[in-house]
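Step one of this worksheet: look at the structure below.
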Amino acid sequence: MKELFEFAFSPVNLIPTILLLFVSLYWIVVLFGMLDMGTIDLDVDTDVDVDVDLDVDLNADIDADVDADVHAEADTDIDHGGEVHAGGPGVVMQSLIFFNVGKVPLLILLSFIAIPFWVMALVMNYYLKTDSFGFSLLLAIPEFILSLFFAKIFTEPIAKVFKNMDEEFGKGLDYMGKTAYARFDIEENKDGQIEIDIKSTTNVLTARSISGTIKKGEQVLIIDHNKKEGYYLVEPFNI
């Protein structure tokens, strides 16, 4: 046991151990009622816009005289205008949704990431006899990615439980015609999220736009519900 403790706190295992300790301490604080499970939440929005405007004006005027007197004139005018406007949070947002961010409390998700991450790090560093912090960081990258997929698998049933709880809580509520706010950018063909306050409780709903991209923080109007796919259709709401 002493050897395990010393190995866990060795430099090569320090990062996964710190993550596991953070999650463990947070669980203790939550169990004692000092904090709520949802106190720490993740709100990520990546908005990089790329808009490239290229204007090329090429004018060439060549004047030749058959008497071997050749006069050539070339006038080239190239004008560049670049403005970056790159397209929305689609990939990042879909990745977060895929790994159940927003579907289960972040504490639960971190727990299912930290435990396999810590176990894999200790096992790999032990059998590879890793003594370099830099090499352990390289190993940590695939270990962490694999832990994300472990967390995805183990939190799927939990995500369904929370979804059923949300549906039960919101049973009988008609969101149609109500206004909400975009939690992330909302697009027509990709799932986004909106926040709506009902009975002093903020509900997060999956939504798609019917009129182009709606930016994070903008007010929207809920106009329809796709029950089969489980998302609401919204449009910008401007008074």
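Computed quantities for the displayed model
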read-out	value
Table column - 3J(HN,Hα) (Hz), region 26-33, Karplus curve with 6.51, -1.76, 1.60, x for Gly and Pro	5, 4, 4, 4, 5, 5, 7, x
Region 179-236 - charge dipole about Cα centre, Lys and Arg +1 at Cβ, Asp and Glu -1, debye rounded to 20	140
Computed label-point distance, nm, for sites residue 21 and residue 2 using a 7 Å Cα→Cβ extension	2.0
In order through region 140-149: 3J(HN,Hα) via Karplus (6.51 cos²θ - 1.76 cosθ + 1.60), integer Hz, x for Gly, Pro	5, 5, x, 5, 5, 4, 5, 5, 4, 6
Ranked packing of 148-158, 220-230, most packed first, by mean Cβ within 10 Å	148-158, 220-230
Whole-number percent relative contact order across region 179-236, with pairs defined as alpha carbons under 8 Å at least 6 apart	35
Cα shape, region 179-236, gyration tensor, a/c 1.5 rule	oblate
Interchain or long-range residues, amide H under 5 Å from residue 207's placed H	192, 193, 194, 232
Given 152/190; 190/228; 160/215; 152/178; 163/216, the pairs whose alpha carbons are separated by over 26 Å	160/215; 152/178
J(HN,Hα) series, region 120-130, from Karplus relation 6.51 cos²θ - 1.76 cosθ + 1.60, nearest Hz, glycine and proline x	4, 4, 5, 5, 5, 5, 6, 6, 8, 6, 5
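Computed from the coordinates by the stated procedures, all read-outs in this text should not be read as laboratory data. If you're wondering where the values come from, they're calculated on a predicted model, not measured in any experiment. Here the Cβ is made from the backbone with ideal geometry for all residues, glycine too, and neighbour counts use every protein chain on show.
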